[in-house]
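In what follows, a single structure is set out as structure tokens and then discussed.
The values are calculated or read from the model by the stated rules, or taken from the named source; none is laboratory data. Here the structure is a predicted model, which is why all the values come from computation and not from measurement. All Cβ positions, glycine included, derive from the backbone under ideal geometry; neighbour counts span all protein chains shown.
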Amino acid sequence: MSTGAGVVPAQAYDRRRHVLDLDDFSAEEIGEILETSVSMKEVLGRAIKQVPTLRGKTIVNLFFEDSTRTRISFELAGKALSANVVNFTARGSSVEKGESLIDTVRTLQALGADMLVMRHSESGAPYLVAQHFHGSVINAGDGRHAHPTQALLDLFTVYQRLGRIEGLKVVIVGDILHSRVARSNLWGFTRMGAQVVLCAPQTLIGPESFWKATWPELTISSNLDESLTGADVVMALRLQKERMEGGLLPSLREYSRFFALTAERVALAGPQCLVMHPGPMNEGVEIMPDVATSAQSVIEEQVANGVAVRMALLYRLAGE
Amino acid sequence: MRYFIKNGSIIDPARRVATIGNVLVEDGKVVQVVDLADLALAFEPLDDRTEVINARGAVIAPGFLDLHAHLREPGGEQKETIETATKAAAAGGFTTLCAMPDTTPPVDCAAVARQIREIARRRGVVRVEPVGAITIGREGKTLTEMAELVEAGCVAFSDEGNAVADAAVMRNALAYSAMLDVPLMAHCEDVRLTRGWAMHEGAVSTRLGLPGSPAAAEEVMIARDIALAEITGAHLHICHVSTAGGVALIRAARARGVHVTAEVTPHHLTLTDRWVLGWLEMHQPADVRPARRGSRDRYDAGETGLGLPAWLKPALLPPYHSSTRVSPPLRTEEDVEALIEGLRDGTIDAIATDHAPQTLVEKECEYRLAAPGISGFETALGLALTLVHRGKLDLVDLVARLTEGPAGVLGRAPATLRPGSPADIVVFDPDSPWIVDPAKFLSKGRNTPLAGQQLKGQVMLTMCRGQIIFRRGNFGVGTGALQQASRLDGFLGADNEE
């Protein structure tokens, strides 16, 4: 039976054990990770892209949801640190399979896993796993809740390009309601002192007061053109086609007309504004192909930086 | 056997009595109630066949009536049986339970109702009164044979767990039940607004990324059912009202004479959606928002900002702890305040537990997939008493909402300690502190968000039909005040597990 002892506030430890969300990261800790990421990026630029930091450690990539870039990124990060990386891909939920999530985790523990990198369709699942796993748990995306490593790599990308995060105006546009990327970026950017604007029709974000209660500094808007004025960063989120079937939008066409990143819209923000997307993109829906490949776009850099940032995080958890 | 319960504070809402006195019980009936002011009658009938129970410092009240309990038998015996449920109920001070019909098979025909009564007669320790289903299979389509169900002992109708989605079916159910003079207990939820829900829709669900069940889903259904009760003249009873809007609708309907009654659970009166945050509730790095939501110190100072008494600490739970998942979901502090006000002013007639035992397997999984429900019998009084300790409700009103109020919903005379009435009696200590330890529950359901929490007040002795069916430690034996052993009982649970 669980005692809950595995999940305690990070402050209770001298060092961090789990990465479940960005909400328990201080600005100082995020800053340290960004600094370490610079060194890791340097490692990845070498002829031999490997350091022995995690030699002998076993990292299990526990993916209950399909993923390409996050899983490969974690795998490369683990291997660059010389860890043994095992991929576990389970289609559908563990409940449908008949084995409970807790049993799966106990099994992996018995097999000797030191770290679990997990993606799950249910918000909060990593908290449950952390109560039953003796090693470290890294959330690689849970439901609508959090995707902390994506937010860290977004922060790192912005930091590398613009040299600072404090005081920037960051516009996130799209399906905020169902987006774990939006929530983690909200924690990350607000904690680092950026001004965040969320932009979506109310069906894709919900009542403003629900957000302001947790993030009072936040701005919420349904007018993208207005929001883009003076923006330093604009991030488009993937629009899941299922949202249409749920009746949340009248049509993709209408969504695209008012909320897609087009060259004209990005011009409103100015030539210095970075264009970001966590991927995978629906080109022509939330972002136009010419914007995605423009000089302002850092979308490929985000992917490349992901490996370095995840290395920095694994390094930190290893406590070296 | 005769029992002489002496020196307790007698609270008998039906007779508007609250006094220090003695109660004499014989042959399953209350024989005599003596006010200590009346010294001439304050004799102790000492003889071999009389047990003297010293209740000094404790309250003596009529046994509690729970309008809303899930006993799970038949069909869900792995969660609870009528035997374990009634024993747990006795430990919570309840002497009568209304058993909800969401069993397998459901109580949609007289045979099942009779079976439940038969099992309860053989193995139950308290009175069990079945509630019949409104529709066959609780599917919201065809009305059950209501008149026959009433003949078989059903005291109300409900499709509990499911709302009757089709307004025409609900109208017919109300109209038909009107001739039977029993309440129709409505679970008010528009399921199209709650599809895929995990918790209350609000700031917390937004932060945690959990799909929400909006307050409006309950309110639109309460509004619909009130309108239907109005045109049929039937008695509508709103189950487990949880929203401020719902309370307002019920208050307005009662004011214009609609026959609507309502109940509220102890957890909706005390806990909020912030319990789903667990320790995230109080854990915020100082560099973001210093002390906005409070630190440990503020908890200890009694300011939780949660509408909670200082001694209840959601931070004992990990975030997303499935014990906090319940239907309807835990709402906000504003809702809690409105529910308390509704209970105080009589808009809400009764406190009902919605005791919903679940197995560990159904709870130890991803939050949204966990079966909703709280095992409520054994914490009901302690949780409800937090309102008294905070000065929100007086003790006599609290007892009334557990006895007279629910009796009124069922259209019967309130339980009382009047001589000649059945000896269904609860003796409870309103101040005794204890730590909730689910491992010690008599219920099979260990699902509670209150594990490790301190509550003040617990049942010491329960009597049904003149028989002692629950006794904590050796309460009442000897001449001392409350037995020290019984007070320690709760503290020993400090090493509980959850």
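Observations on the model:
- Selection status of A:Arg257, assigned to a helix (DSSP H, G or I), among the basic types (Lys, Arg) and in the same structural domain as A:Gly167 (by TED's automatic domain parsing): yes
- Restricting segment A:154-183 to residues that are farther than 21 Å from A:Leu239 by Cα and hydrophobic (A, V, I, L, M, F, W, C), the residue that is farthest from the other protein chains (Cβ to nearest Cβ): A:Leu162
- Residue match in segment A:237-246 (condition: of a type outside the set (Asp, Glu), under 30 Å from B:Leu280 (Cβ atoms), touching a residue at least 24 places away in the same chain (Cβ under 8 Å) and part of a helix (DSSP H, G or I)): yes
- The set of residues from segment B:361-380 being surrounded by fewer than 24 Cβ atoms within 10 Å (Cβ to Cβ), assigned to a helix (DSSP H, G or I) and within 21 Å of the chain's Cα centre (by Cα) comprises just one member, B:Lys363.
One line per residue, one yes/no per condition, for (1) within 14 Å of chain A (Cβ to nearest Cβ); (2) in contact with a strand residue (DSSP E or B) (Cβ under 7 Å, 6 or more places away or on another chain); (3) among the acidic types (Asp, Glu):
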{"site": "B:Glu333", "(1), (2), (3)": "yes, no, yes"}
{"site": "B:Val336", "(1), (2), (3)": "no, no, no"}
{"site": "B:Thr353", "(1), (2), (3)": "no, yes, no"}
{"site": "B:Pro357", "(1), (2), (3)": "no, no, no"}
{"site": "B:Leu360", "(1), (2), (3)": "yes, no, no"}
{"site": "B:Lys363", "(1), (2), (3)": "yes, no, no"}
{"site": "B:Ala371", "(1), (2), (3)": "yes, no, no"}
{"site": "B:Gly376", "(1), (2), (3)": "no, yes, no"}
{"site": "B:His389", "(1), (2), (3)": "no, yes, no"}
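- Filter pass, B:Val388 being out of contact with any Pro (no Cβ under 6 Å at 6 or more places or on another chain) and among the β-branched types (Val, Ile, Thr): yes
- Test for B:Arg114: is it of a type in the set (Lys, Arg), under 25 Å from B:Pro183 (Cβ atoms), in contact (Cβ under 8 Å) with a residue 12 or more places away in the chain and buried (at least 24 other Cβ atoms within 10 Å of the Cβ): no
- Failed condition for A:Ser179, given (1) more than 19 Å from the chain's Cα centre (by Cα); (2) surrounded by 14 or more Cβ atoms within 10 Å (Cβ to Cβ); (3) among the hydroxyl-bearing types (Ser, Thr, Tyr): (1)
- Index of the failed condition, A:Ile172 passing every other in (1) of a type outside the set (D, E, K, R); (2) in contact with an Asp or Glu (Cβ under 8 Å, 6 or more places away or on another chain); (3) crowded, with 21+ Cβ neighbours inside 10 Å; (4) outside the structural domain of A:Leu34 (by TED's automatic domain parsing): (2)
- Filtering segment B:401-416 to residues that are under 12 Å from the mean Cα position of the chain (by Cα) and assigned to a loop (DSSP other than H, G, I, E, B) leaves only B:Thr403.
- Residues that are within 25 Å of the chain's Cα centre (by Cα) and in a helix (DSSP H, G or I), drawn from segment B:231-264: B:Ala244, B:Gly245, B:Gly246, B:Val247, B:Ala248, B:Leu249, B:Ile250, B:Arg251, B:Ala252, B:Ala253, B:Arg254
- Qualifying positions in segment B:150-172 - assigned to a helix (DSSP H, G or I) and farther than 16 Å from B:His235 by Cβ: B:Glu151, B:Ala167, B:Ala168, B:Val169
- Filter pass, B:Leu67 being in contact with a helix residue (DSSP H, G or I) (Cβ under 8 Å, 6 or more places away or on another chain) and crowded, with 24+ Cβ neighbours inside 10 Å: yes
- There is at least one residue in segment B:219-230 that is part of a helix (DSSP H, G or I), under 15 Å from B:Arg331 (Cα atoms) and out of contact with any Phe, Trp or Tyr (no Cβ under 8 Å at 6 or more places or on another chain).
- Looking only at segment B:123-149, and only at residues there that are assigned to a helix (DSSP H, G or I) and touching a Phe, Trp or Tyr at 6+ places or on another chain (Cβ under 8 Å), the one that is nearest to B:Met179 (Cα to Cα): B:Met146
- Every residue from segment A:106-120 that is within 14 Å of another protein chain (Cβ to nearest Cβ) and surrounded by 24 or more Cβ atoms within 10 Å (Cβ to Cβ): A:Met118, A:Arg119, A:His120
- Evaluation of A:Gln160 against (1) out of contact with any strand residue (DSSP E or B) (no Cβ under 9 Å at 6 or more places or on another chain); (2) surrounded by 20 or more Cβ atoms within 10 Å (Cβ to Cβ); (3) over 27 Å from B:Ala215 (Cα atoms); (4) not hydroxyl-bearing (Ser, Thr, Tyr) (one fails), failing number: (2)
- Assessment of segment B:184-194 against the conditions (of a type in the set (Lys, Arg) and more than 9 Å from chain A (Cβ to nearest Cβ)) yields at least one matching residue.
- Members of segment A:15-34 found to be under 18 Å from the mean Cα position of the chain (by Cα) and part of a helix (DSSP H, G or I), listed by number: A:Ala27, A:Glu29, A:Ile30, A:Gly31, A:Glu32, A:Ile33, A:Leu34
- Test result for A:Ser82, modelled with pLDDT under 95, more than 19 Å from A:His18 (Cα to Cα), surrounded by fewer than 24 Cβ atoms within 10 Å (Cβ to Cβ) and polar (S, T, N, Q): no
- Screening B:Leu398, B:Leu383 for residues that are in a helix (DSSP H, G or I) and in contact with a Pro (Cβ under 6 Å, 6 or more places away or on another chain) leaves exactly one candidate, B:Leu383.
- From the list B:Thr142, B:Thr135, the one residue that fits, being crowded, with 16+ Cβ neighbours inside 10 Å and of a type outside the set (Gly, Ala, Ser), is B:Thr135.
- Here A:Asp21 meets the list (1) modelled with pLDDT of 90 or more; (2) farther than 30 Å from B:Glu281 by Cβ almost entirely, failing just condition (2).
- Positions within segment B:309-349 being part of a helix (DSSP H, G or I) and of a type in the set (Gly, Ala, Ser), in sequence order: B:Ala315, B:Ser322, B:Ser323, B:Ala338, B:Gly342
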